[in-house]
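Worksheet: one structure, shown below.
The values are calculated or read from the model by the stated rules, or taken from the named source; none is laboratory data. Computed from a predicted structure; not experimentally measured. Virtual Cβ from ideal backbone geometry, glycine too; neighbours counted across all protein chains shown. Protein only, heavy atoms only, side chains kept; ligands, DNA and RNA dropped before computing areas. Shrake-Rupley method; radii C 1.70, N 1.55, O 1.52, S 1.80 Å.
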Amino acid sequence: MRTCTPKQGPERQYMGMDELASAEPIPATMDIPADMADILKPESGFYVQSAHKPKMDFLVEHVAGSVDMWRITESTDNEERLRTSIPVLDQIELSPKDFSALPQADKTRSQSRRPPWMAQYFLPRLAPFRIDEVRSRLLPTRTFLEPKAYEATKRLEYPWCTVGYIHWEKSGKKVRASGTLVGSNLVLTAGHALPWGDSSCSIEFIPAYSKQANVVAPYGSSYVKSFTGYPPTTPFTATGYDYAVCELYKPVGDALGWMGVEWSPNESYYLGRQYNSSGYPVSFAGRPAVEFGLKIVDIDSDSPGIELETDLYLDSNVYGGWSGGPLWYYDGADPMIVGTVCGHEQDVFDPERVVHSGGKAMFDLV
């Protein structure tokens, strides 16, 4: 079998599907340090929201019909609040007209990072699974491929572990989306996937989430501390600037690594290579999804961003929950993001396509 060793440094190479299939994994060179392992513990337990050190001055009441169960209730004169999640502290809304006033980066890419304790696999193990037409709204029943770790007892390797599942609730409604680590405590996602205007919301990011696995959150999770980006248009339409960056409470990227982000002022730069798209569509029932070999077939300027369009290989119904997932490729061994899944649209004379938001405004957020 022919093997490929990805180049690193200034003479990097673009890796197509053939190179990915033959690329040798890059092994880890050390065990994960204890402080990094602590970062990857799941968020769990009860929290107290208070401006001072909590006195835990709560009331309790017996649960009717139970023998030994008690319910904790909040006293009406108690400033302390019990929570099962950690709320967002701040959100900063941007509009397209704000772009020129923001600090402008003089670079075109940010560097990806793989910690030495994380092995890199250029392709994950792909396991087939079937989804019936009721769940996927596709006819007939279809077979898809799920990215998995190479050993059943292990977790997804770098860079596949940097893509995660985002969820939050409002008025009993669950919202799901996708996002990618792009820094120590930064996650890139879609602007329309976040709860703009909700001052009490809690958003959780779970890297390498898999509802079907033995461990749903193999690398733990972190709540979002703040987010900055572009809210969706009303009514919602696909745009070239549908992105936001979430700041996490925990530096999950220090433990797992992150993908790089890039843009180019030249449209031709985006053409002629194959991309991957990763995410968590709702119809996949909590499994991660990936599409390979995508090509950008059209680019529309949409200041302050650009719309990167790829062919729609799946029914548009499949993409719910995939929003915010990265459109990315390998530059040598470096995974680089050029856009995030926004939605789909159909121009007058063109077929329906998937729209990815990209460009300089995305890069400047990171």
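Using a cutoff of 8 angstrom between alpha carbon atoms and counting only pairs six or more residues apart, the relative contact order for the chain works out to 20 percent.
I'd like to check one number: the per residue accessible area of the chain, probe 1.4 Å, reported in Å² as a whole number.
With the other protein chains kept in place, the chain gives 48 Å² per residue.
Ranked by the mean number of other Cβ atoms within 10 Å per residue, highest first, peptides 201-209, 257-265 order as 201-209, 257-265. Comparing mean-square fluctuations of Pro159, Pro116, Pro231 from a GNM of the chain with C-alpha springs under 10 Å, the top value falls on Pro116. For Ser264 and Ser226, the FRET efficiency from 1/(1 + (r/R0)^6), where r spans their Cβ atoms and R0 equals 25 Å, is about 0.30.
I'd like the antiparallel share, as a percent to the nearest 5, of DSSP beta bridges with both residues in the stretch 255-366. Please report the intermediate quantities before stating the final value.
Details: 30 of 32 bridges.
About 95 percent, rounded to the nearest 5.
When you count the other C-beta atoms within 10 angstrom of each residue and take the mean per peptide, 16-29, 352-365, 168-181 line up highest first as 352-365, 168-181, 16-29.
Taking 45 Å as R0, compute the FRET efficiency from the Cβ-Cβ separation of Trp196 and Glu24 and round it to 0.05.
Rounded to the nearest 0.05, the efficiency is 0.50.
Considering only Asp57, Asp90, Asp35, the mean-square fluctuation computed in a Gaussian network model of the chain, springs between alpha carbons under 10 angstrom, is largest for Asp57. Under a 5 Å amide H cut-off, with hydrogens placed 1.01 Å from N, Tyr209 pairs with Tyr165 among residues at least 5 apart or on other chains.
Separation of the stretch 142-217 and the stretch 247-291, taken as the distance between their Cα centroids, equals 11 angstrom.
Simple spin-label estimate for Phe58 and Thr108 gives 5.5 nm between the two label positions (7 Å along the Cα-to-Cβ direction from each Cα).
If you put +1 on each Lys and Arg Cβ and -1 on each Asp and Glu Cβ, how big is the dipole of the chain around its Cα centre, in Debye rounded to 20? All intermediate terms of the calculation are to be shown ahead of the outcome.
On the way: 34 positive and 47 negative charges, 188 e Å.
With only Lys, Arg, Asp and Glu charged at Cβ, the dipole is about 900 debye.
What shape does the chain have by the C-alpha gyration tensor, where a ≥ b ≥ c are the square roots of the eigenvalues, rounded means a/c under 1.5, and otherwise prolate means a/b greater than b/c and oblate the rest? Walk me through the numbers before you get to the answer.
Details: a/c = 1.58, a/b = 1.40, b/c = 1.13.
Judged from the Cα gyration tensor, the chain comes out prolate (a/c at least 1.5, a/b above b/c).
Given R0 = 30 Å, the distance between the Cβ atoms of Ser303 and Glu352 translates into a calculated FRET efficiency of 0.80. Here the stretch 238-366 exposes an accessible surface that is 47 percent carbon and sulfur, computed with a 1.4 Å probe and the other protein chains kept in place.
Between Ile86, Ile39, Ile131, the residue with the greatest mean-square fluctuation in the GNM of the chain (Cα pairs under 10 Å linked by springs) is Ile131. Projected label points at Lys211 and Gln49, each 7 Å from Cα along the beta carbon direction, are separated by 2.6 nanometres. For the chain, DSSP calls about 90 percent of its internal beta bridges antiparallel.
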